[in-house]
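Report on the structure given below.
Where a number appears in this text, it was derived from the coordinates with a stated rule and is not lab data. All values derive from a computational prediction rather than experimental measurement. When we count neighbours, we look across all protein chains shown, and the Cβ atoms used for this are built from the backbone with ideal geometry, even at glycine.
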Amino acid sequence: MSNKRCLLVAVLMTSFCILAHANASSVLLKQGATGDAVWELQLSLFQRGFLHMTPTGLFDATTLDAVRRFQEENGLVIDGIVGRQTWLSLQRPFLPNHNRPTKCAVVILCGAWPATMASPLR
């Protein structure tokens, strides 16, 4: 694939990711929820070191615990519900906390199931 095609694909995927993220951030999530917005929430928590499992799309007890820890560390109301303020905090750029492991992931949102691929920073 030529460099121009690769660039075009990257731009289109970035645009798709931004639109998908904007849509997910308008959703209220709590334990028992399922779907793409939950998967995105779990990925964000995973990348920040709050969730230690592969995203599943199911807001389970493990996700609830991760949300509560994220809310506590970010000065939010600790209710385990992902509403506007929690989404806004998750959207902010973050500096890795060196006391917590962090993950580097590339997300591909094509097809029926998103794939993640860890890659070392160079």
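Label-to-label distance, Leu58 versus Gln91, with points set 7 angstrom from Cα along the beta-carbon direction: 3.0 nm. Given R0 = 35 Å, the distance between the Cβ atoms of Thr34 and Asn74 translates into a calculated FRET efficiency of 0.90.
Sorted largest first, the principal axis extents computed over the alpha-carbon atoms of the stretch 28-74 equal 25, 18, 16 Å.
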